[in-house]
Amino acid sequence: MRFSFTEEQRQMRDALRSSLTESCPSGRVRAAWKTPDAALRTELAEQGILAINLPEDAGGLGLGAQDWVLLAEELGLVAAPVNLIETLATNPTLAAIGALDLASQVGTGAEYVALEEPGGYALDADKAAGILAVRDGRVGWLRDATLVAQTSVDGTRRPFKVDGRFEAVDADATELLDRAALAAAAELVGLSRRMLDLAVEYSKSRRQFGKPIGSFQAVQHHLVDALQRIAFAAPAVYRAAWSVDTNHPNRSVHVSMAKVYASEAALFTGRKALQVHGAIGYTFEYDLHMWMKRAWTLSSAWGDVRHHTDRVGQFVMSGGQDA
Amino acid sequence: MDLEFSDSEKRFRDDARAWLEANVPRTPLKSGDSREGFAEHVVWEKKLHAARWSVVSWPAKYGGRDASLVEWLIFEEEYYRSGAPIRVTQNGIFLLAPTIFEFGTEEQKERILPAMSSAERLWAQAWSEPEAGSDLASVRSHAERVEGGWKVYGQKTWTTRGAFCDGIYGLFRTDPNSERHKGLTYLLVDLNQPGVTVRPVERIDGDESFAEVFLDGAFVPDANVLGGVNQGWKVAMSTTSSERGLSLRSPGRFMKAADRLVDLYQRRPDPGLRDRVTRAWMDAQLYRLYTFQTVTRMIEGGEIGADSSLNKIFWSEMDIRLTETALELLGPDAELLGGSPHAVDDGDWMLDFEFALAGPIYAGTNEVQRNIVAGRVLDLPR
């Protein structure tokens, strides 16, 4: 029993953190609301991140979810305007169906494979070399797809309603969607951490009644409650990464728990952060809303709290045992 | 990351499981918080000790098995899973003992620990006073220097099982000119002596397990000063940190409660409550994960620190959600106490709920825990 990341995994996290701190300040996120940020995918590709979970014969690093989960969290921390969830989810699927050429192109950032969120939308489908989807429990390509552009509350997201001829492939749909939900959960933890940081910093500098508002217990307890949800969501996410890598018999239950707790932590932290900021947090000019809106979208995407609670419920009520 | 138990951890689990299955009393004992039930529980504790299962994580020379932290968690899971009696020794073995291991002299360890692990002497904690609850530094009990030790005066209250135990541990002001956190000393006080009056106080569940302890010149030898005169605050904080952080409420307790709740749901299904039952099960699992993460950090050289406060908030609030859900499932049967012809699970859920309600109060109220986290983790201003 050892529930911690390796030194290498932490170093990869730290390296990405310092590069994103430099390259992806909030102004860049804001700019992506107007013009999609194509360069960011290339920058991530140069750091090997888009190929992290591709096999070596597709130019990848051959690593697993325990290696990328902290990286996805870092992208959430800066609200990076990039669809890493789709890539992390679909990479092993591309490898499994032998689409190694396409996979290696995704790894270099030259191509992008979209993934339709079940019952929902596919991001940047207009720029995709292919659109993967899950229909009736099977994975397949959507060929000759028609795309209907939508507008998301998060201006960095470009969702499309997609439909087309479904061409099934031989890949595991649950594994694919579990990876997507896990990656989303990890980003949500990162988003939460930054929203809490923003609120904590603001509460130390903003003064009312002659004191920093962070000295008032009512404000402190909002922030502590958010911290607690984040602190407990993180191990659920990290455990699910291990379960994905080891193909644990209860992998899907673990992923669902990760997504439930991470979604709730992000929604809760967003609300508390907004409350602590007061009216300034409600403005478009202040950064908080960009993190909050990403949290709204990711908490409902890839299975919301109800969906994943129900999936755990089916397991528990049918006598399933864990641990 | 490796979230499987190792082969030796699995062997340890199998050994514990086998012994518990063979030895846990078939019929539940009377409440360990009643006088009669307490005596039954002490008999059980001696049986545990005889088989060296009473304090698995302690060194063998004090009655333990030198078990690792992970093995200790495994034992706790197996213990609750087996439905074994509550540990009436817990305020000694889980709360006082870690402090003795950290601050005690060799003589104190040799004298106190074996008698604790064998349930020869049982300990109660005496933190609260009428004027000192969450604000522990405002204790008024004091000790006066005499030949060979101290005479203690004052009143302690809400002393769990104080009416049945042999000794208490708590803080006493030893420097009359001191204020607040300074000038306090951590003393171990024998209850079986002149100058001690113990008065049981009934709790809301009807058990007389609370006690008020009146001290009027009771003697504490120098050998029962733990961690040095006027060093009491530092010593006490180590106890409260282990209480909140790890040892007081191990995950096994809540995993068992969640399994019982799922079982209750299956007997009395109510689709409107299904998600809440599921969530209770998830919360117990989550608490287990969080604890394994903490234990890994400790094994790798880290400390619990103020994280223990987050932990305490989580389990205490989880316990209330869980037992409230059970009462809702029971509906009109929720109010029926044990012995009622129609009581479900012998009325245990109401008792569990009543006990859970105390969680956000004892071991430092959850408000105080939130203040601690605000100051020490988030670094918010005072």
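Which one of A:Val69, A:Met290, A:Ser4 is farthest out on the positive end of the charge dipole of chain A, using unit charges on Cβ (Lys, Arg +1; Asp, Glu -1) and the Cα centre as origin? Toward the positive end, the furthest listed residue is A:Met290.
Distant-in-sequence amide contacts of B:Gly149, defined by a placed amide H-H separation under 5 Å and a gap of 5 or more residues or a different chain, comprise B:Asp222.
Rank the residues B:Val42, A:Val82 as a footprinting-exposure proxy: fewest other Cβ atoms within 10 Å of their Cβ go first.
Taking fewest neighbouring Cβ atoms as first place, the list is B:Val42, A:Val82.
Take the alpha-carbon centre of segment B:278-333, take the same for segment A:8-34, and report the distance between them in whole Å. Each part's Cα centre sits 33 Å from the other's. Computed over segment A:166-218, the P(r) curve from all C-alpha pair distances, binned at 10 Å from the origin, holds 20, 25, 19, 15, 11, 8, 2 percent per bin. This ranking places B:Lys256, A:Lys259, B:Lys47, B:Lys312 by how few other beta-carbon atoms lie within 10 Å of each, fewest first, which gives B:Lys47, B:Lys256, B:Lys312, A:Lys259. Normalised by residue number, the volume inside the convex hull of the Cα atoms of segment A:122-191 is 102 Å³ per residue. Note on A:Ser192, A:Ser104, A:Ser26, A:Ser318: ascending count of other Cβ atoms within 10 Å places them as A:Ser318, A:Ser26, A:Ser104, A:Ser192, the fewest first. Report, in listed order, any pair from A:Lys272/A:Lys293; A:Lys34/A:Lys127; A:Lys34/A:Lys204; A:Lys204/B:Lys234; B:Lys151/B:Lys234 with a Cα-Cα distance greater than 24 Å. From the list (A:Lys272/A:Lys293; A:Lys34/A:Lys127; A:Lys34/A:Lys204; A:Lys204/B:Lys234; B:Lys151/B:Lys234), the Cα-Cα distance tops 24 Å for A:Lys34/A:Lys204; A:Lys204/B:Lys234. Ellipsoid fit via the Cα gyration tensor, segment A:58-203: semi-axes of 27, 19, 13 Å, each the root of five times an eigenvalue, largest first. The distance from the alpha carbon centre of segment B:134-165 to that of segment A:51-88 is 58 Å, rounded to a whole number. Please return the longest range in chain B lying between exposed loop sites, taking GluC sites (Glu not before Pro), DSSP loop only, at most 15 other beta-carbon atoms within 10 Å, and leaving the sites out. Between exposed loop sites, the widest span is B:5-119. Cα convex hull, segment B:231-382: 132 Å³ per residue, rounded to a whole number.
With helices as the sole contributors, chain A gives -19000 deg cm²/dmol at 222 nm; each DSSP H run of n ≥ 4 counts as -39500 (n - 2.57), and the sum is divided by every residue. What the pair-distance distribution of segment A:200-281 shows, using all Cα-Cα distances binned every 10 Å from zero, is 18, 36, 22, 15, 7, 1 percent. Counting, for every residue in B:5-12, the Cβ atoms of other protein chains within 10 Å of its Cβ and taking the mean gives 1. Model label points for A:Glu285 and A:Asp225, set 7 angstrom from Cα along the Cα-to-Cβ axis, are 3.0 nm apart. Once backbone amide H atoms are built at 1.01 Å from N, A:Leu54 has A:Leu61, A:Gly62, A:Leu63 as its partners under 5 Å, excluding neighbours fewer than 5 places away on the same chain.
Diffusion coefficient of segment B:195-283 by Stokes-Einstein, Kirkwood radius over Cα pairs, 10 °C, 1.306 mPa s: 89 µm²/s.
Contour minus end-to-end for B:Val24 and B:Lys46, with contour as 0.36 nm per residue of separation and end-to-end as the Cα-Cα distance?
Full extension from B:Val24 to B:Lys46 adds 6.7 nm.
Of all lysines in the structure, the ones whose alpha carbon falls short of 20 Å from that of B:Lys47, not counting any fewer than 8 places away in one chain, are B:Lys30, B:Lys61. Calculated [222 nm] ellipticity per residue, helices only, for chain B: -14000 deg cm²/dmol; basis is -39500 (n - 2.57) per DSSP H run with n ≥ 4, divided by all residues, nearest 500. Entry for chain B at q = 0.07, 0.15 Å⁻¹: log10 I(q)/I(0) = -0.32, -1.54, Debye formula applied to identical alpha-carbon scatterers, no solvent contribution. Placing a pseudo-label 7 Å from each Cα along the Cα-to-Cβ vector at B:Thr365 and A:Ser205 gives an inter-label distance of 3.4 nm.
Highest mean packing comes first when the peptides A:273-279, A:180-186, B:287-293, A:203-209 are listed by Cβ atoms within 10 Å, giving A:180-186, B:287-293, A:273-279, A:203-209. Grouping the Cα pair distances of segment A:174-317 into 10 Å bins from zero gives a pair-distance distribution of 13, 39, 27, 15, 5, 1 percent in increasing distance order.
A Förster radius of 35 Å combined with the Cβ-Cβ distance from A:Gln275 to A:Arg10 puts the calculated FRET efficiency at roughly 0.60.
Scaled against 2.2 N^0.38 Å for its residue count N, the alpha carbon radius of gyration of the protein assembly as shown is 1.06. Inter-chain neighbour count for A:215-221: the average number of beta-carbon atoms from partner chains within 10 Å of each residue's beta-carbon is 4.
Extension gain, B:Ser238 to B:Asp175, is 20.6 nm, computed as 0.36 nm per intervening residue step minus the present C-alpha separation.
Scalar couplings 3J(HN,Hα) for segment A:183-188, obtained by applying the Karplus form with A = 6.51, B = -1.76, C = 1.60 to θ = phi - 60°, are 4, 5, 4, 5, 4, 4 Hz; x denotes Gly and Pro.
For chain A, the spread of Cα positions along the three principal axes, ordered from largest to smallest, is 65, 50, 38 Å.
Projected onto their three principal axes, the Cα atoms of segment B:123-231 cover extents of 40, 29, 21 Å, largest first. Between the Cα long axis of helix A:288-300 and the first principal axis of chain A there is an angle of about 40°, rounded to the nearest 10. Once the Cα-Cα distance is subtracted from the 0.36 nm per residue extended length, the B:Ser6 to B:Glu328 segment shows a gain of 111.9 nm.
As a test of the definition: which semi-axes, in Å, follow for segment A:1-142 when you take the square root of five times each eigenvalue of its alpha carbon gyration tensor? Largest first, please.
Numbers: eigenvalues 110, 83, 41 Å².
With the √(5λ) rule applied to segment A:1-142, the semi-axes are 23, 20, 14 Å.
Modelled this way, with points 7 Å down the Cα-to-C-beta line, the labels at B:Glu102 and A:Asp136 are 6.3 nm from one another.
Read-outs throughout are calculated quantities, based only on the coordinates presented, and are distinct from any laboratory measurement. Every value quoted in this text rests on a predicted model; they were computed, and no experiment measured them. All Cβ positions, glycine included, derive from the backbone under ideal geometry; neighbour counts span all protein chains shown.
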